[in-house]
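In what follows, a structure is listed as structure tokens, so that the remarks can point back to it.
The values are calculated or read from the model by the stated rules, or taken from the named source; none is laboratory data. All of these numbers come straight from a predicted model, not from anything done at the bench. Neighbour counts run over all protein chains shown; Cβ positions are idealised from the backbone, glycine included.
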Amino acid sequence: MADLSINFCGIKAPNPFWLASAPPTDKAYNVIRAFEAGWGGVVWKTLGEDPPAVNVSSRYSAIYGKNREVIGFNNIELITDRSLELNLREITEVKKAWPDRAIVVSLMLPCEEQAWADILPKVEATGADGIELNFGCPHGMPERGMGSAVGQVPEYVEQVTAWCKKHTRLPVIVKLTPNITDIRRPARAAKAGGADAVSLINTINSITSLDLDRMVAYPNVGGASTHGGYCGPAVKPVALNMVAEIARDPETHGLPISGIGGIGNWRDAAEFIALGAGCVQVCTAAMLHGFRIVQEMKDGLERWMDSKGYKTLDDFMGKAVGNTTDWKFLNMNYKSVAHISQDDCIKCGRCYVACEDTSHQSIFQLVDEATGTRTYKVNDDECVGCNLCEITCPVQGCITMVAVPTGKPYMNWTQDPRNPRAEIKETA
């Protein structure tokens, strides 16, 4: 049986599944239930200075799929609205009762060294395993110089991280905002400030939808609304890309990463780990389905690892990073074409319509005059291997992309004679 235990920047946990700093980790009652369900750790909902934040009603909105499954979740809730003293007392009690589970405390304070110097010894006294600096919250409290107001300025990220390393012995994890052009810059700043790890992504600035009768966005707070933080399955592609960017950046290579964003099953977790994450944090999936989902996550990951011969997470951690590169280094001589399985084809014609109308007119629609039966075949000479037909096909596995040998060696865009600026003969 695969071993799921981890040591993430000095923080040990029985498995890589942690609950992210959010409503599910707001109090001892929740966290204890999570640990009883099998979560390996939690990041306690963000603490701040007293008096605590005041939240509004309502707080959430969502984007739904066809069967009303939530694919995107929007949140305008602020950091904890409970007193600092109460939170610290509960953290102490829970850590004593569950010494084998990871408890990381999220913090968000003004950009003043003394504020951090005052709170860090109090957090350390709880017995917590580490701290996470919330530099990502995209809504609320920017007037205090907190959240993404810090995370969007690399100089601030480095400065506050350095303050924390100065005033605590606990591992310091910096939570990064995705609301920035280049995620590598704040990651580099965190490392320069002495961060032990980074976590990402925090939520994305969003307005999910509007009530067109009342002409107000959701969630509706007395006839008005605001932008919030977007999370859930819809943000996973953004998160994976940003994790990969940090993992393959020479300046941050080797910096431990806690992956966050749309993780709802074991496969999602495995993908983040393959791109360099040492643990994963979950929020939306737990809010929608309850804490017991971690059992399926652990079981699925163990079974998959066993099937691949992976004994520990280290055996495949970061394994996909080397295969992630810049566009200019992709092989210009690689060719693939679509293949339609006639045995699986249901003759719906969606591949033909998509290719004919919006792609490369590479699929023949053949009609039997006697029976009216339609058959769809790929014109290999015209197919550019764009994958659109495979994506539009409603039958999984009916259309596959098949590599076609060209007999040509590897050649990237920097070497391609068709590139007017192909001067430097670079390799990946």
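Given the criterion within 30 Å of residue 190 (Cα to Cα) and either modelled with pLDDT of 95 or more or charged (D, E, K, R) (or both), identify the matching residue among 343, 326, 299.
326
What are the residues in the range 187-216 that are farther than 30 Å from residue 277 by Cα and in contact (Cβ under 8 Å) with a residue 40 or more places away in the chain, if any?
If the condition is that a residue be farther than 30 Å from residue 277 by Cα and in contact (Cβ under 8 Å) with a residue 40 or more places away in the chain, then 209 is the only one that fits.
Please pick out the residue among 347, 298, 335, 311 that is closer than 30 Å to residue 413 by Cα and of a type in the set (Lys, Arg).
Among 347, 298, 335, 311, only 335 is closer than 30 Å to residue 413 by Cα and of a type in the set (Lys, Arg).
Identify all residues within the range 77-117 that are surrounded by 23 or more Cβ atoms within 10 Å (Cβ to Cβ), farther than 15 Å from residue 42 by Cβ and touching a strand residue (DSSP E or B) at 6+ places or on another chain (Cβ under 7 Å); write none if there are none.
79, 108 - these are the residues of the range 77-117 that are surrounded by 23 or more Cβ atoms within 10 Å (Cβ to Cβ), farther than 15 Å from residue 42 by Cβ and touching a strand residue (DSSP E or B) at 6+ places or on another chain (Cβ under 7 Å).
Among the numbered criteria (1) assigned to a loop (DSSP other than H, G, I, E, B); (2) out of contact with any strand residue (DSSP E or B) (no Cβ under 7 Å at 6 or more places or on another chain), which single criterion is violated by residue 121?
Unmet condition: (1).
Is it the case, given these coordinates, that residue 344 is in the same structural domain as residue 244 (by TED's automatic domain parsing) and either under 31 Å from the mean Cα position of the chain (by Cα) or not β-branched (Val, Ile, Thr) (or both)?
no
Answer with yes or no whether residue 58 is surrounded by fewer than 21 Cβ atoms within 10 Å (Cβ to Cβ) and under 23 Å from residue 262 (Cα atoms).
It is true that residue 58 is surrounded by fewer than 21 Cβ atoms within 10 Å (Cβ to Cβ) and under 23 Å from residue 262 (Cα atoms).
Residues that are within 15 Å of residue 41 (Cβ to Cβ), at pLDDT 95 or above and hydrophobic (A, V, I, L, M, F, W, C): does the range 285-293 have at least one?
Yes, there is a match, as at least one residue in the range 285-293 is within 15 Å of residue 41 (Cβ to Cβ), at pLDDT 95 or above and hydrophobic (A, V, I, L, M, F, W, C).
May I ask you to list the residues in the range 186-223 that are surrounded by fewer than 18 Cβ atoms within 10 Å (Cβ to Cβ) and either within 19 Å of the chain's Cα centre (by Cα) or aliphatic (A, V, I, L, M) (or both)?
Passing the criteria: 192, 205, 207, 210, 212, 215, 216, 221.
Need pairs with beta-carbon distance below 7 Å; first residue in contact (Cβ under 8 Å) with a residue 12 or more places away in the chain and closer than 23 Å to residue 231 by Cα and within the range 22-45, second buried (at least 24 other Cβ atoms within 10 Å of the Cβ) and aromatic (Phe, Trp, Tyr); sequence gap 6+ or separate chains.
25/44; 39/17; 39/18; 40/17; 40/18; 41/18; 42/18; 43/18
Among 175, 191, 165, which is of a type in the set (Lys, Arg) and touching a Phe, Trp or Tyr at 6+ places or on another chain (Cβ under 9 Å)?
Among 175, 191, 165, only 175 is of a type in the set (Lys, Arg) and touching a Phe, Trp or Tyr at 6+ places or on another chain (Cβ under 9 Å).
Of the residues in the range 301-341, how many are closer than 24 Å to residue 38 by Cβ and buried (at least 16 other Cβ atoms within 10 Å of the Cβ)?
Summing the residues that are closer than 24 Å to residue 38 by Cβ and buried (at least 16 other Cβ atoms within 10 Å of the Cβ) in the range 301-341 gives 8.
Contact list please: Cβ distance under 7 Å, first residue in the range 239-266 and under 13 Å from residue 19 (Cα atoms) and modelled with pLDDT of 95 or more, second residue hydroxyl-bearing (Ser, Thr, Tyr) and surrounded by 24 or more Cβ atoms within 10 Å (Cβ to Cβ), pairs at least six apart or on different chains.
Pairs found: 258/199; 260/199.
Criterion first (out of contact with any Leu (no Cβ under 8 Å at 6 or more places or on another chain) and part of a strand (DSSP E or B)) does residue 45 satisfy it?
yes
Take the residues in the range 371-428 that are over 23 Å from residue 322 (Cβ atoms) and touching a Gly at 6+ places or on another chain (Cβ under 8 Å), then tell me which one is modelled with the lowest pLDDT.
Result: 374.
Can you tell me which condition residue 93 does not meet? The list is (1) more than 28 Å from the chain's Cα centre (by Cα); (2) part of a loop (DSSP other than H, G, I, E, B), and all the others hold.
The single condition residue 93 does not satisfy is (2).
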